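The next block holds one structure in the form of structure tokens; read it before the comments.
No lab work stands behind these numbers, since they all come straight from the coordinates. Computed from a predicted structure; not experimentally measured. Please note: Cβ atoms are built from the backbone with ideal geometry, for glycine as well, and neighbour counts cover all protein chains shown.
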Amino acid sequence: MSKHVVICGGGVIGCATAYFLATSGAKVTVIESDGIASGASGAAAGILSPPSPDSIDDPLFEIRMTGFKLHQELAEKLPDESGVQYDYSVTPRVIVPNNEKEVSDLVNRLSNTGLNQSSTEILDANTLAKQTGWIDKARYGGAFLDAGAQVDPYKFTLALVAAAERLGVKFITGKVTGIELNRQSFQSVTVDHKTINGDACLLSMGPWAKDASPWVNRPIPVRPLKGQIIKTQPQKKLTHLTLLNGSNYAITRENGLLILGTTEEDVGFDTSITDTARDEIIAFGLTFSSELETAELIEQTACLRPLSGDGRPIMGELIPNSNLFISTGHGRQGILMSPAAGHAMSDLINTGETRLLDLSPFDPERFN
Ligand SMILES: Cc1cc2nc3c(=O)[nH]c(=O)nc-3n(C[C@H](O)[C@H](O)[C@H](O)COP(=O)(O)OP(=O)(O)OC[C@H]3O[C@@H](n4cnc5c(N)ncnc54)[C@H](O)[C@@H]3O)c2cc1C
């Protein structure tokens, strides 16, 4: 008989795990307290950046690269499996330095690491303006990197849900308020005073995963890191690409919008939008493109990234041999990592191991 897995939290991480579990034949119930992808998963920028080749020693390299490749594979089949088009597109990337020092660092990285496999050239400001059409104010020019990709993150999560539903996954609206363990082994979750039994449970409640800490008497060091982005409508259709500048970005959508971000605000569970953030983001955009001078501001949003105590995801069995699992803390790149996280956690829940990724850097035990 197949395992019944209860998933707490219907963001991209919970829904990706539900999808992969369902494809492996498991019985799955997802419990979401608000709406599917109502947190960061629905409001992210949706940029899928492959990891830089010079970050190969970073413990996050493998999950990022695997996530990037699985997104390519999913784009071939998930729209048909789900009936949802989620606007996956390959997107050229341009990196723009802020000063001479960053230019020379970029020259070194391009020649030593193959950030762009076909070119090691930094384009001067005029050439960059001609080639992109809209990055026309980059004082120090810029360089093309190997292409990345993008999705509409809300539609992507809905596609995972629709495909999972077709495979029999049940989605329930309700707030999980407790977990029952019997001799350190998972029994059931409490949802709005009712009990749902299962053979295994996954906590994928994003920054709210910390709420489960007292239920299981374990540290779950994850906190919200607020980010704001703005959506603008430029006067003309811009060349399709992602502009990267430090931790800021601007990305064109197929529908003509230009999305810009972002902030990193350590302000708890506050999701209000602020004029200060709007002005900072617009000022960043204006440094690189005159198109922002006439673009219309369409929307400003704020949402919360789940950030762990050491910045690495928390993925694995929360208590050894308990069948209680956790997957959170994917920070600024949870959309990118979600297929890798979902696939690996599905393997782990089903068989106790995964060959997809080395999960040891993400072991929840490291906080004990
Ligand atoms: C401004 C911004 C831009 C971003 N851009 C990108 C990007 O371009 N590329 C990228 O890869 N990543 C990006 N991210 C990061 C990405 O959005 C997150 O890492 C990812 O969405 C986290 O997914 P999650 O499922 O863990 O959490 P969430 O999306 O927060 O989902 C958790 C869910 O759990 C539910 N929940 C909470 N408590 C309970 C409970 N007790 N019972 C039931 N349900 C519960 C919540 O309602 C929520 O829906 C961005 C984030 C921000 C803030």
> At what distance in nm do the modelled label points of GLU73 and GLN233 sit from each other, each positioned 7 Å from its Cα along Cα→Cβ?
Replying inline: 4.0
>> How big is the stretch 91-193 along each principal axis, measuring the range of its Cα positions in Å and listing the largest first?
In response: 64, 32, 24
> Counting other Cβ atoms within 10 Å of each Cβ, which chymotrypsin sites (Phe, Trp or Tyr not before Pro) in the stretch 72-141 have at most 12 and sit in a DSSP loop?
Replying inline: none
>> Within 11 Å, Cβ to Cβ, of ASN112, how many net charges do the neighbouring residues add up to if Lys/Arg are +1 and Asp/Glu are -1?
In response: -1
> If the cut-off is 21 Å between C-alpha atoms, which lysines fall inside it for LYS69, apart from same-chain ones fewer than 8 positions away?
Replying inline: LYS77, LYS155
> Between rounded, prolate and oblate, where does the stretch 1-52 land on the alpha carbon gyration tensor, with a ≥ b ≥ c its root eigenvalues, rounded for a/c under 1.5, else prolate if a/b exceeds b/c?
Replying inline: oblate
> Between THR195 and ASP87, what is the FRET efficiency for a Förster distance of 56 Å, r being their Cβ-Cβ separation, to the nearest 0.05?
Replying inline: 0.90
> Want the number for GLU365 to HIS4: 0.36 nm per residue separation, take away the alpha-carbon distance, what's left?
Replying inline: 127.5 nm
> Using bins 10 angstrom wide from zero, how does P(r) for the chain break down, in % of all Cα pairs?
Replying inline: 5, 24, 32, 23, 11, 4, 0
> Hey, rough spin-label estimate for GLU280 and ASN217, points 7 angstrom out along Cα→Cβ, what's it come to in nanometres?
Replying inline: 4.2
> SER290 label point, 7 Å along Cα→Cβ, cut-off 11 Å on backbone N: hits in the stretch 135-175?
Replying inline: 136-137
>> Given the -39500 (n - 2.57) contribution per DSSP H run of 4+ residues, what per-residue ellipticity at 222 nm results for the chain, rounded to the nearest 500 deg cm²/dmol?
In response: -9500 deg cm²/dmol
> Treating the beta-carbon of each Lys and Arg as +1 and of each Asp and Glu as -1, no other charges, what is the dipole magnitude of the stretch 33-142 about its Cα centre, to the nearest 20 debye?
Replying inline: 340
> Roughly what angle does helix 61-82 make with the longest principal axis of the chain, taking Cα atoms, 0 to 90 degrees, to the nearest 10?
Replying inline: 80
>> If a paramagnetic tag sat 7 Å from the Cα of GLN131 along the Cα-Cβ line, which residues of the stretch 208-238 would have the backbone N under 19 Å from that point?
In response: 238
>> Taking R0 as 25 Å, what FRET efficiency do you get between SER247 and SER185 from their Cβ-Cβ distance, rounded to the nearest 0.05?
In response: 0.05
> So for the stretch 238-368, what percent of the C-alpha to C-alpha distances run longer than 27 Å?
Replying inline: 39
